[in-house]
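Values in this text are rule-based calculations from the coordinates and carry no lab data. Since the model is a prediction, treat every value here as computed from it, not as a measurement. Note that each Cβ is placed from the backbone with ideal geometry, even for glycine, and that neighbours are counted across all protein chains shown.
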Amino acid sequence: MSRDVIVVGAGGGGPVVAKELAARGLDVLLLEAGARHADPRREWTHLENDANNPLTGFLRVGPADRSKPAWLREEPQNSYLLQASGVGGTTLHYYGNSPRAYRGVFQGYEGPDKGAYDSAHAFPFTYDELVPYYRWVEATLPVQTAAMGVKETVFLSGAERLGLPVQTTKDTTRWSYRPQENAILQPGGTAGRTGDPERLRYPRATGCTFCGYCLQGCMEPAGAPRNQAAKRSTDNSYVPMALTAPAWSPHGKAVTLLADSYAVKVHTARRDGGLVATGVTWRNGASGDRHREDAEVVVLAGGTTETPRLWLNSGLPDPNGWVGRGYTDHFLDGVTGLFDHDTGSSRGPSSAARCDFPGYGALENIGLPPAMQAFSMSLSDSGIRGRYRNGRGLTGPWDGRTGRLGGPELKEVLAHGIDRLLNVLILTGDDVEPHNRATLSALPPDEHGAVPKVVFRSRRRTRRTLAAREFLARRATELLRRAGATRVYRFDWAPLLLHVHSSMRMGLSADDSVLDADAASRWVGRLYVADNSALANSLGGPNPTLTTQALATRTAERIFVRHFGGDPWVGDETPVPSTDHRVTDAL
Amino acid sequence: MDALDRYLPAPDLPAVPLVRALRDGVPGLLREPVPDAALRAGLGVDALLESDATIPLSPLVALLLNAEALRVDPRTVAGPFLAPFSRLAFGRKADVFELLEGADPDLVELLDARLPEPLKRTASGLLRFLGGALLELAALGGYSEWAVFDPASRRLRDRPVGWRISGYTPAAEGRPEFRGYYQGRTEVTG
């Protein structure tokens, strides 16, 4: 069988390409390695171990059948790779935070703080080039100004006292603070106004119900059609649109979605003197059977760790050695303050307020239920506080040295009250560095070939990356103290790989990039990448999903024009929001 | 534990050489001599190597913890509780993790010498990863609903201890938490 386009991966980026090209009438096959998650109300709970256990949780990285083992990924250092398989990918557990990237990481930026960015690895086009695609995605998801809960009132009260201006635009042009722009529907009706489950059914309640379970997948409000769920993970937004394209697009053709289907090889052939992608083989997780289909165009969107793996296991060319390299992760860190009053930390959408420091990165509040709270306080490259420092143990305006809370101290801090603490997440604008990479492991292969290995030399990052993280840790501590924290802990996290980017990066130079400015492979024709790995860099710190989705929209448009003789549409047409009643009715 | 043990697809390759290396090499790394029979019993290696079954991951991890426990205090080779690591007080357990995260150069040298290609030089990464993951995942599991979750009904048999300690109140479907919009602004453009 031959398709117009095969998209590998139904996470944050793949469904965007699939939906856009389905709307143009192309025949699109969308492959997803993990579970379909067709009926969350039957398959999911709000429970943390049931959802997030890395080996058995319904949001683990593993086959659809939860009785089968999770997939092994090698990490030869203290780090934690937080992947998720299944339709929706990591948007299943993301917080919907949808800021635009900083201007300084794009070609042509000439601001006075130009030297503060990784301009050697800038995007190969200007920021203004991407803005129409941002607008298109923001209207499609849709992205809305976040409503506040108690924890946002606490965070924002601290931010106000940092002497920063409040930002009232989508574009970030200076140091500022604001409520998040989130891919979460604003609360309507009874949502956010009651805890009574009988009164929280759709359509009496619409949008975010403030349940506090963004990390466990969003299925609120109860009774809502899939495309009306509060958080706009792609399983609730782009995938429903892709499956119902004929209902809302005049030329639409429904996407074929196959879950539990792990792509194991990209096929190529020589045509007109060059190498071109011709199709994909995948393995069905339930039967073990292998299937192959051909296509005019292949789009890889398995993620920053999985796309290099598939590339290398397929024997695709890597002449400059940059496949898998330049892996960035925002060098995240956690700072937590203890308060003597209610902070509402475990309640409401997980992150709804932020501070931006272009040139350094960003801060945002994150609310967590108890198990993930305990996890976040146990992750460190600085040993166990008061016991050993692992060669680090950083000092600063926080209390004591950096380090994880162990045993008795962890219990003491949590016993202070999950809703009397406030977490600030540090998002560092980290530099592209070739030695941080995804490659293949020497451990025994699994049924999909050699397993991926993610290598981070975290203590040897660039001076700029390290300085930015320290700057942000100090601002986070100051924010918490000004908000009223009586004690502040900084953990000095080991790499927590959940904002991951740029391992198949697009770039200005053919010497240090895999993709050209259209997200097309430099060495294989008709082959594109549409996940976070295609990003040129770490965006300067802002959360990556919106930019990946804007870029994937642009890539879909490029594919349609270049290979199918079509015309561009972004800027000329009005996008249909994923909440449109025609999508609802067709589901 | 079952899921952990089935995690590595073909555990014999790294596991058997690691167990043999620990059996043969740990005595030379201890501060005080320990009778060989007591050490082998303390580590439980013979049972692992005599079995025809593949060596699961969990006893391998336990073996590493117990080997490091003996490095921290050779007297833990015998005593109350079942194994050397469990015989240490909290502070000394932290010493075990300091060695693992280090990563303990003596143990790395011992393990790397016995690992076959292409796994040579992977021991330090393994120890560093375990040093972090064991603590993080123990915290995640310990403060979750895991111990009181009934998989058949997908309901809880009791209130999880982590919820009790932290004063956590779960939501059924939502919470009366809405506090309006900052400065009354419900949308931004540009």
Amide H contacts under 5 Å for A:Gly525, placed H, 5+ residues apart: A:Leu275, A:Val276, A:Ala277
Proximal charge balance of A:Arg103 [Cβ under 11 Å; K/R count +1, D/E count -1]: -1
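How charged is the neighbourhood of A:Ala38? Take every other residue with its Cβ under 14 Å from the Cβ of A:Ala38, and add Lys/Arg as +1 and Asp/Glu as -1.
The answer is -1.
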Long-range HN-HN contacts of A:Gly361 with modeled amide H, under 5 Å: A:Gly429
For chain A, calculated [θ]222 nm from helices alone, where every DSSP H run of n ≥ 4 adds -39500 (n - 2.57): -6000 deg cm²/dmol
Neighbouring partner chain Cβ atoms per residue of B:157-167, average, 10 Å criterion: 5
The stretch A:322-359 residues near the modelled A:Val166 label - backbone nitrogen below 16 Å, point 7 Å along Cα→Cβ: A:352-356
Cα-based helix-to-principal-axis angle, A:545-564 vs chain A, degrees rounded to 10: 10
Label-point separation in nm, A:Asp399 to B:Arg20, each point 7 Å along Cα→Cβ: 5.3
DSSP-loop trypsin sites (Lys or Arg not before Pro) across the stretch B:23-112, with at most 16 other Cβ within 10 angstrom: B:Arg31
Inter-site label distance for A:Arg463 and A:Ser2 at 7 Å from Cα along Cβ, in nm: 5.7
Vicinal HN-Hα couplings computed from phi for the stretch B:144-152 (Karplus, 6.51 cos²θ - 1.76 cosθ + 1.60; Hz; Gly/Pro x): 9, 7, 3, 5, 10, 8, 9, x, 5
Net lengthening on full extension, B:Ala37/B:Asp158 (0.36 nm per residue, minus Cα-Cα): 39.2 nm
Under 23 Å, Cα to Cα: Lys pairs in chain A, sequence gap 8 or more or different chains: 10
Rounded tilt (10° steps) of A:150-160 against the dominant C-alpha axis of chain A: 80
Estimated FRET transfer efficiency (A:Arg292, A:Asp516; beta-carbon r; R0 35 Å; 0.05): 0.80
Per-pair calculated FRET efficiency, R0 = 30 Å: A:Ala222 and A:Lys114 via Cβ, rounded to 0.05: 0.05
Rounded to whole Å, sorted largest first: equivalent-ellipsoid semi-axes of the stretch A:361-444, Cα gyration tensor: 26, 17, 16
Rounded to the nearest 20 debye, dipole of chain A from Cβ charges on Lys, Arg, Asp, Glu: 1180
In sequence order, calculated HN-Hα J values of the stretch A:435-441 (Karplus, 6.51, -1.76, 1.60; Hz; x Gly/Pro): 7, 8, 7, 10, 9, 9, 7
Cβ-defined net charge surrounding A:Gly158, 13 Å radius [Lys, Arg +1; Asp, Glu -1]: +2
Over the stretch A:1-40 - Rg/Rh using Cα atoms and the Kirkwood inverse-distance radius: 1.00
Two-decimal ratio, chain B, of alpha-carbon radius of gyration to 2.2 N^0.38 Å: 1.38
Signed unit charges on C-beta, dipole axis of the protein assembly as shown, positive-most listed residue A:Ile559, A:Leu29, B:Leu107: B:Leu107
Phi-based couplings in Hz for the stretch A:34-40 (Karplus 6.51, -1.76, 1.60; Gly and Pro marked x): x, 6, 6, 6, 6, 9, x
Cα centroid separation - the stretch A:166-221 against the stretch A:506-580, whole Å: 28
A:Val131-A:Arg474 pseudo-label distance in nm [points 7 Å out on the Cα-to-Cβ vector]: 3.4
Pairwise centroid distance, computed over Cα atoms, of the stretch B:36-92 with the stretch A:243-287, Å: 50
Radius ratio Rg over Rh of chain A, counting only Cα atoms, Kirkwood formula for Rh: 0.94
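For the stretch A:401-504, compute the orientation-averaged projected area of the C-alpha convex hull (one quarter of its surface), in nm².
9.6
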Per-residue average of Cβ from other chains inside 10 Å of B:108-120: 1
Antiparallel DSSP beta bridges within chain A, as percent of all bridges there, nearest 5: 70
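Can you sort B:Ile55, A:Ile6 from fewest to most other Cβ atoms within 10 Å of each residue's own Cβ?
B:Ile55, A:Ile6
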Choice from B:Asp24, B:Asp95, B:Asp112 showing the highest fluctuation, given a GNM over chain B with Cα pairs closer than 10 Å: B:Asp24
Estimated [θ] at 222 nm from DSSP helical runs (n ≥ 4, -39500 (n - 2.57)) normalised by residues in chain B, nearest 500: -15000 deg cm²/dmol
Whole-number percent relative contact order across the stretch B:2-146, with pairs defined as alpha carbons under 8 Å at least 6 apart: 23
Mean Cβ neighbour count within 10 Å, used as a protection proxy, ranking B:151-157, A:272-278 highest first: A:272-278, B:151-157
Shielding by partners - mean other protein chain Cβ count within 10 Å, residues of A:165-172: 3
